[in-house]
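To start, the structure itself, in structure tokens.
We did not get these values from a lab; they are worked out from the coordinates using the rules stated. Nothing here was measured: the structure is a model prediction, and the numbers come from that model. A quick note on method: Cβ atoms are made from the backbone with ideal geometry, for glycine too, and the neighbour counts reach across all protein chains shown.
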């Protein structure tokens with residue numbers, strides 16, 4: 001067994017949701033999950049079929065920018081090369097909008113990360129194939145928030161409208 | 001710390017759901033989750049108690065074939081040897097039928113995979129015990145689907161009745 | 001890439017839920033999830049912000065014991081040092097009460113473990129940061145339950161009132 | 001406003017799930033919900049479109065018996081005549097298997113009942129249309145269970161395998 | 001058909017959750033739902049079996065006060081006399097803690113109300129049995145909140161710890 | 001007891017979700033549910049407090065058009081006058097995007113309807129207060145879809161992107 005690190009491509013302004021599922025219907029069901037939740041979201045989902053033809057299965061509603069989201073989702077799925085992994089790249093929507101629906105998708109087992117940060121996937125390569133072991137999602141903490149930082153955090157969340165100012 | 005690879009036993013016609021839970025009631029609650037969802041499903045669940053007597057806790061409704069599902073579930077749980085891991089082997093039902101109910105089980109933390117493919121678990125062994133790091137689920141992708149492959153995928157999912165033909 | 005093992009601090013009588021989320025609002029939303037589920041629960045949640053100031057974000061309702069839960073949650077989050085990881089330490093409540101609500105929290109991707117056992121996290125350190133690869137949760141199994149053990153398990157779960165005695 | 005009572009047709013061996021949804025996609029999404037949950041279930045779903053052409057929208061996988069389930073689902077939807085109501089009739093599956101998936105269907109607002117009992121719907125007729133006010137589901141209670149009845153109830157649920165005998 | 005009004009008994013300090021389910025296992029599954037969510041909750045659940053012996057099925061963990069919760073739950077179920085209705089009375093827990101778990105119970109179709117207010121159920125009586133049509137839950141509004149009322153509402157919710165003061 | 005009919009105000013381009021909840025925190029939690037799900041949604045929620053001051057509790061993020069959504073939500077809540085009822089009016093989002101999140105809100109018991117159709121609520125007035133008995137949501141069905149109508153329905157759902165064209 002060999003361990004390796006693979007960096008995900010995250011196009012400008014996109015967020016990445018990375019998970020484990022099963023069955024080729026995943027691509028279509030995740031497509032519906034996103035389209036039915038956030039009107040106007042642009043996205044691509046790629047799923048690694050893990051038996052038979054073993055193809056990267058792809059759905060996308062993003063026709064712009066030379067299919068940038070589709071190409072990046074496929075590139076990420078191929079770079080991971082782990083069976084039954086899926087990659088969802090989305091613009092005009094945020095993971096907070098979508099995680100519940102992705103989690104409830106009939107085929108989804110696990111979600112590894114949801115982020116716009118730089119992402120490295122830690123993988124194991126065996127004779128059979130690849131496993132996702134973990135995700136480096138952004139940077140390590142540099143300190144602990146002070147009372148003032150806490151206050152600013154609360155204010156920020158309210159300023160962007162996610163909690164009520166009161 | 002030592003890394004090791006363990007292959008799961010998946011009896012013919014069975015699917016494997018592998019996850020992390022807590023508390024010995026997991027075995028009984030997963031039993032109920034399956035029985036209450038798919039009439040006729042035959043299955044066994046094994047859960048690794050991780051404190052006190054540290055026994056593999058097992059429930060099964062499969063009385064046939066020399067208790068093949070029960071024996072394989074126990075063998076897998078013992079081969080993993082990771083505290084609080086659970087193994088569910090099921091026939092006459094598919095992961096797509098069951099994942100939501102397994103996920104919603106009061107004790108379940110995570111689902112690593114759901115598959116009928118060959119499975120290798122990547123584990124870490126420490127002085128204390130074992131951790132599941134990741135799962136090699138089937139094979140790595142060999143290519144990206146073409147438009148024709150996409151069409152066939154859509155047709156296949158509809159032919160088996162999982163989506164409407166229209 | 002370097003692999004390392006980090007032991008979690010679990011104060012007496014506390015349970016640990018360890019997971020992956022995103023966005024600094026996680027700390028506040030997990031606070032609400034616990035407070036709205038188990039009256040009287042005392043707890044602290046620490047979340048590793050993974051971009052910008054990269055601070056450990058903390059919420060707690062535990063004012064007693066020199067803020068033991070808060071300090072331990074922060075110490076665990078710093079020891080993990082994995083971006084977007086969260087640590088929830090809780091007293092007067094059990095993971096079985098809370099897992100569903102934690103899982104359904106808008107920002108939560110994954111739950112690695114829920115336990116009062118000794119816990120070692122297996123981590124990968126890269127130039128960018130850290131990934132949680134897996135969790136050693138308590139001890140490995142020492143054997144398989146006998147019919148008598150099964151009977152005692154069923155009786156124990158009923159004696160503590162979690163299933164009906166009948 | 002006029003109140004009226006309408007009796008539902010429940011074919012032999014079928015169960016009825018009656019609810020409120022919105023949008024003509026309901027019919028297709030409920031079809032997928034059932035097919036993805038219980039292999040072998042035979043069913044029909046009818047949904048009352050409540051604007052535009054105002055047609056009863058129907059999906060079914062039941063080709064047998066002169067389309068008995070489809071015809072009964074449509075007849076029930078027409079007899080109710082309440083906008084956005086849906087009727088699901090199912091054989092080879094039980095409501096307990098399906099309620100969670102029906103409830104989680106993107107379009108579903110409410111479930112009025114799930115039963116194999118005789119059913120009367122109580123309706124209000126106004127100049128605009130009809131509202132479902134409530135459901136007479138089977139018979140009123142004739143008494144309170146004794147300790148012996150409780151024991152028999154527990155035994156029955158275990159005898160049919162829905163809870164563990166222990 | 002006759003319409004009638006029935007007042008629910010809500011013992012001091014208790015909250016009432018009133019709903020529609022199916023199958024006699026409801027009583028046992030709701031028992032588990034409560035016990036597994038709020039440690040220390042005292043409660044009784046009564047369910048109106050609607051076929052065969054048509055008994056009020058009851059489970060309770062409340063041994064105190066001459067079984068006041070059990071007696072009130074049964075009295076309410078009998079007063080409703082609607083098939084497949086259930087009544088949950090709980091102390092030391094609040095509906096906000098429990099509603100999600102009650103809703104996710106395998107047998108539950110609908111929840112009519114969750115309240116500590118005076119409750120009148122509006123019922124229809126037919127030759128077959130009874131239907132719950134609606135619930136008068138407390139009093140009608142007397143006005144609209146002013147900005148000052150809104151401020152006090154926000155403060156109150158924070159003062160009791162359900163949202164963060166910030 | 002008196003029965004009456006009340007027509008809901010639905011501003012142009014808005015959808016109405018009508019339900020039953022409990023506790024004044026409902027207004028704030030539904031606010032968060034919408035804001036966290038559909039970026040750009042404009043909405044107002046009004047909740048009928050049913051004890052103490054009995055005020056209509058309101059939250060809204062709609063500052064435009066002379067607070068049209070807020071005013072209509074309040075007017076609807078007052079017209080219903082049923083304790084613990086809530087009214088959600090939303091623009092730039094559809095019920096299909098939001099129903100799951102509304103349903104999962106800690107305080108929500110029931111959802112009566114989700115619609116842009118004309119809506120009449122059927123209410124009962126007693127000496128104590130009011131109960132919502134049912135909802136006339138749009139019009140009654142005028143016929144059953146033909147095979148051609150089914151085909152057009154499938155095509156329409158795909159044309160607007162909610163299902164994949166294939």
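Quick rundown of the values:
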{"item": "Rh by Kirkwood over Cα pairs, then Stokes-Einstein D for the range B:18-89 at 0.692 mPa s and 37 °C, µm²/s", "result": "274 µm²/s"}
{"item": "Shortest-first nm distances, residue F:125 label point to equivalent points in other copies (7 Å, Cα→Cβ)", "result": "2.5, 2.5, 7.4, 7.7, 7.9"}
{"item": "Residue-averaged [θ]222 nm for chain B, counting only DSSP H segments that reach four residues, each worth -39500 (n - 2.57)", "result": "-8500 deg cm²/dmol"}
{"item": "Shielding score for F:120-129, defined as the mean number of other chain Cβ atoms within 10 Å", "result": "6"}
{"item": "Cα-based shape type of the protein assembly as shown, given that a ≥ b ≥ c are square roots of the gyration tensor eigenvalues and the cut on a/c is 1.5", "result": "rounded"}
{"item": "Residue exposure sequence - C:150, F:146, E:5 - by fewest surrounding Cβ within 10 Å", "result": "F:146, E:5, C:150"}
{"item": "Per-pair calculated FRET efficiency, R0 = 45 Å: residue E:51 and residue B:166 via Cβ, rounded to 0.05", "result": "0.70"}
{"item": "Gaussian network model of chain F, springs between alpha carbon atoms under 10 Å - residue of F:76, F:65, F:97 with greatest fluctuation", "result": "F:65"}
{"item": "Shape category assigned to the range B:1-45 from the gyration tensor of Cα positions, a/c cut at 1.5", "result": "oblate"}
{"item": "Prolate/oblate/rounded label for the range B:2-159 (Cα gyration tensor, a/c 1.5)", "result": "oblate"}
{"item": "FRET efficiency estimate (nearest 0.05) - Cβ-Cβ, residue A:155 to residue C:152, R0 51 angstrom", "result": "0.40"}
{"item": "Exercise: per-residue mean of other protein chain Cβ atoms within 10 Å, B:42-49", "result": "2"}
{"item": "Calculated label separations, residue C:151, copies of the chain, 7 Å along the beta-carbon direction, nm", "result": "1.9, 6.5, 6.5, 6.7, 6.9"}
{"item": "Euclidean distance between Cα centres, the range F:149-166 to the range E:17-76, Å", "result": "45 Å"}
{"item": "Sorted by Cβ neighbour density within 10 Å, fewest at the top, the residues E:25, B:142", "result": "B:142, E:25"}
{"item": "Ascending list, in nanometres, of distances separating the residue C:40 label from those of the other copies (7 Å, Cα toward Cβ)", "result": "0.2, 4.7, 4.8, 4.8, 4.9"}
{"item": "Where N is the number of residues in the range D:48-102, Cα Rg divided by 2.2 N^0.38 Å", "result": "1.22"}
{"item": "Per the axis that maps chain D onto chain A, nearest residue of D (Cβ criterion) and its distance in Å", "result": "D:104, 3"}
{"item": "Most mobile of F:12, F:104, F:149 in a GNM of chain F (Cα contacts under 10 Å)", "result": "F:149"}
{"item": "Residue-averaged beta-carbon neighbours from other chains (10 angstrom radius) around E:22-33", "result": "6"}
{"item": "Degrees separating the helix F:147-159 axis from the principal Cα axis of chain F, which is the longest one", "result": "70 degrees"}
{"item": "Ranking of B:87, F:136 by count of other Cβ atoms within 10 Å, fewest first", "result": "B:87, F:136"}
